[in-house]
Amino acid sequence: MSTHQLKGPRNIALIGPYSSGKTTLLESILHICGEIDRKGTVEAGTSVGDHSAEARSRKMSVEVNSAHFSFMDEEFSVLDCPGSIEFLQETRSMISGVDAAILVCEPDPTRNITLLPFIKTLEDHHIPTFFFVNKIDRARGSVYDLFQALEEVSHRDLVLRQMPIVTDGTVTGYVDLASERTYVYKEGRPSQIIDMPADMAEQEGTSRFTMLETLADYDDHLMEELLEDISPEKEEIYDLLQKDLKDGSVLPVFVGSALNGFGVRRLLKALRHEVPDNDETIKARKIAAAANANIAQVLKTYISPQAGKLSLCRVWSGEFHDGDHLQKGRIGGIFRLQGGKSEKLKSAKAGEIVAFGRLDDLHTGEYLTDNGVTLNGVDKPLTPVFDMSLHVDKQEEEVKLTAALNKLTEEDPSLVAEHRQTTQELVLKGQGAIHLRVALDKLDSKYGLKVHSEIPKVAYHEAIRKGTTQHSRYKKQSGGHGQFGDVKIEIAPLPRGSGFAFQDTIVGGSVPRQFIPAVEHGVKDYLVKGPLGFPVVDISVTLVDGQHHSVDSSENAFRSAARLAMSEGMVNCSPVLLEPIVKVEVVMPSEFTSRVNSLVSARRGQILGFEGREGWPGWDTLNVLLPESEIRDMITELRSATQGVGTFSYEFDHLQELTGQEADKIVQQQKGE
């Protein structure tokens with residue numbers, strides 16, 4: 001094997017689409033390495049990963065799970081990331097702190113496209129990556145067809161490390177193309193070395209030469225050996241496999257079955273010999289800091305009502321001790337997490353992933369230092385694509401809900417909570433329906449809040465098509481001083497997007513100057529809810545005349561007179577409903593572009609054009625204007641049309657008139673409410 005000696009603990013991210021078997025692979029690794037006595041299962045809710053109630057009820061990962069193991073005297077931490085695209089933010093946050101990743105997939109070439117978001121994320125962050133083709137014992141079809149399908153979604157050159165042995169249509173073992181040793185699988189036990197079947201020798205030779213050719217693209221010496229028909233030494237091959245993995249030149253492909261333990265030990269040996277150590281990763285990531293600095297990076301934040309805040313951190317340099325006083329506060333405990341369990345430590349050294357307790361001012365993505373070093377590791381979170389309106393039964397629980405949402409959004413930066421002034425709603429936004437349902441479950445289980453959800457209201461407005469002049473008087477007499485205000489106003493439409501304008505042309509003091517601001521306030525009071533029941537925009541109001549009483553006139557009287565004038569005059573101005581239009585940027589693989597075009601057209605979308613997605617060969621970006629009412633559940637249909645990989649971002653663009661039956665329906669619904 002390689003002569004290069006790796007130092008210190010190393011950290012691996014387990015990544016892959018939903019149902020690929022990442023958590024089962026973690027369970028198999030922990031069992032082989034003696035960390036657990038027996039393997040649990042996701043279905044039974046007994047796995048080390050997926051330990052939260054929200055994960056076990058859905059039988060799927062909903063947040064990252066951390067675990068630790070030792071293999072042949074080498075220490076590793078594993079971060080098992082959720083596979084659902086709705087929890088991709090967890091993966092994005094984790095990979096900045098690992099030395100390498102294992103990308104787990106199923107042996108189905110038709111599902112290769114589901115790997116795209118994960119591969120792109122790993123490539124953008126230059127993470128050394130292994131492919132592990134799981135469930136190989138269930139494969140139906142050629143592994144080489146799968147290999148070609150994987151090549152289509154990876155920008156890095158793939159290197160097939162194992163040639164499967166197929167017996168009666170089932171994969172029963174493999175030939176290691178680097179060592180040229182042949183193994184047969186033994187369930188629950190290490191694979192057994194056997195002699196290579198005679199009928200496989202030619203195929204093995206071809207596959208091995210293909211692997212060497214790929215490696216030779218990055219090494220002149222190996223290229224010369226191949227041209228001169230010299231068989232390279234195994235040590236040279238292993239050194240090149242290690243070097244090219246670290247450089248990001250190649251992506252090695254292993255096969256196996258996590259459920260049965262097939263191929264897992266061989267994968268562990270590759271991790272042991274080829275994953276870069278802490279010093280190499282620091283150099284590759286260009287993490288520069290002052291000499292002897294203690295530096296750690298927050299990968300994930302956990303908040304428990306009982307235990308407080310835990311910050312899962314990668315220690316990049318130095319050594320941290322329990323009780324250390326740092327820029328962000330005092331460390332209140334250091335813990336090694338093993339699924340839902342934790343082991344308290346006295347210290348944490350470079351290369352380890354541990355949880356620091358009670359650093360309340362420290363947030364996901366930030367760096368923790370002890371000497372004034374300032375490093376910025378916060379990436380922009382994913383853009384929300386789905387939302388719901390939240391409310392509680394008791395008014396006194398609203399403050400508690402806001403505080404709980406602040407904690408959830410700190411744990412998960414792809415969750416966004418906001419108070420929408422236009423519709424007077426508390427809205428939670430995220431990556432999909434499951435993502436938000438998990439958040440609601442956490443509000444219940446962690447904070448005791450029974451939260452109701454509804455479809456958020458659309459921020460409809462209204463405007464007018466023509467103007468009018470209105471004269472109105474507010475007069476009220478009771479004991480003592482009465483109330484008297486008389487105004488004459490001109491109401492006129494403004495161009496779309498102009499908002500509101502108020503002016504006066506009063507001469508001669510018919511309305512004293514001190515009462516004119518009250519008239520403007522009265523007009524604004526009315527504009528909150530026009531004749532159709534929605535806020536009024538793009539309107540001009542001019543105070544042209546009026547009368548006052550020396551005793552009974554007041555600011556309140558003129559404010560009331562202005563509201564009355566607006567109420568009586570606006571019905572004569574041909575009010576019209578306005579719906580918000582958003583500008584949407586949809587991204588998807590090019591093969592789905594025509595399907596997405598039809599999708600947005602069916603939602604009253606106006607297609608502005610499309611172009612290739614920058615930095616994503618084989619993808620398109622579609623620009624669309626779409627009514628806000630059509631955007632809310634579009635992500636579900638879009639993912640269905642693109643095998644789960646299409647997504648979008650959007651922003652408000654303008655208000656547009658809406659007429660006909662759809663407008664009448666909205667107005668009637670508003671009046672009913």
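Any read-out appearing in this document is the output of simple, stated calculations on the displayed coordinates, not a laboratory observation. None of these values were measured; they are calculated from a predicted model. FYI the Cβ positions are ideal-geometry reconstructions off the backbone, even for glycines, and counts take in every protein chain you see.
Points worth noting:
- Cβ-placed point charges (K, R +1; D, E -1), dipole of the range 88-244 about Cα centre in debye, nearest 20: 1080
- Gap separating the Cα centres of the range 308-355 and the range 624-659, nearest whole Å: 42
- Taking PHE130, PHE610 and counting other C-beta atoms within 10 Å, the order from fewest to most: PHE610, PHE130
- The distance between label points at THR170 and GLN656 comes to 5.9 nm (points 7 Å beyond Cα on the Cα→Cβ vector).
- Seen against the Cα atoms of the chain and their longest principal axis, helix 555-570 is set at about 80 degrees.
- Given charges at beta-carbon only (K, R positive; D, E negative), |dipole| of the range 150-210 in Debye: 300
- Simple label model, 7 Å out from Cα along Cβ direction - GLU228 to ALA293, nm: 4.8
- The three principal axes of the Cα atoms in the range 386-454 give end-to-end lengths of 30, 28, 19 Å, sorted in falling order.
- Over the range 550-634, all Cα pairs binned in 5 Å intervals from 0 give whole-percent P(r) values of 3, 12, 16, 12, 9, 7, 6, 6, 6, 6, 6, 5, 3, 2, 1, 0, listed from short to long.
- Which of SER207, ILE113, PRO128, positive extreme of dipole for the range 10-284 (C-beta unit charges): ILE113
- Note on the range 462-573: the alpha carbon radius of gyration divided by the globular reference 2.2 N^0.38 Å gives 1.04.
- Farthest positive-ward along the range 544-603 dipole, Cα basis, beta-carbon charges - from VAL582, GLY546, MET566: VAL582
- Straight-line cross-link partners of LYS529 among the lysines, defined as a Cα under 22 Å from its Cα and at least 8 positions apart when in the same chain: LYS457, LYS466, LYS488, LYS665, LYS671.
- Long pairs among LYS269/LYS346; LYS407/LYS583; LYS380/LYS583; LYS243/LYS286, criterion Cα-Cα beyond 25 Å: LYS269/LYS346; LYS407/LYS583
- Scattering profile of the range 580-672 at q = 0.19 Å⁻¹ [log10 I(q)/I(0), Debye over alpha-carbon scatterers]: -0.86
- Relative to the dominant Cα principal axis of the chain, helix 264-274 is inclined by about 90°.
- The residues neighbouring HIS549, those whose beta-carbon lies less than 10 Å from its own, together hold a net charge of -1 under the Lys/Arg +1, Asp/Glu -1 convention.
- Proximal charge balance of PRO109 [Cβ under 11 Å; K/R count +1, D/E count -1]: -3
- Here is how the number arises for the chain: DSSP H runs of 4 or more residues each give -39500 (n - 2.57), the sum is divided by the residue count, and the result at 222 nm is -8500 deg cm²/dmol.
- For the chain, the dipole from Cβ point charges (+1 on Lys and Arg, -1 on Asp and Glu) about the Cα centre works out to 2880 debye, to the nearest 20.
- Of TRP619, HIS461, GLN668, farthest towards positive along the dipole that unit charges on Lys, Arg, Asp, Glu beta carbons give the chain: GLN668
- Working ranking of peptides 20-27, 633-640 by packing, defined as the average number of other Cβ atoms within 10 Å per residue, highest first, is 20-27, 633-640.
- Distance histogram in 10 Å bins (all Cα pairs of the range 326-414, percent per bin): 12, 33, 32, 19, 4
- The range 498-573 and the range 461-489: distance between their alpha carbon centers, rounded to Å: 7
- Ranking of TRP619, TRP316 by neighbouring Cβ atoms within 10 Å, starting from the fewest: TRP619, TRP316.
- Sorted fewest first by neighbouring Cβ atoms within 10 angstrom, ARG138, ARG58 come out as ARG138, ARG58.
- C-alpha long axis of helix 661-672 to longest principal axis of the chain, angle in °: 70
- Applying D = kT/(6 pi eta Rh) to the chain, where Rh is the Kirkwood radius over alpha-carbon pairs, T corresponds to 37 °C and eta to 0.692 mPa s, the Stokes-Einstein value obtained is 113 µm²/s.
- With the gyration tensor restricted to C-alpha atoms of the range 292-369, the semi-axes of the equivalent ellipsoid amount to 17, 14, 11 Å, longest first.
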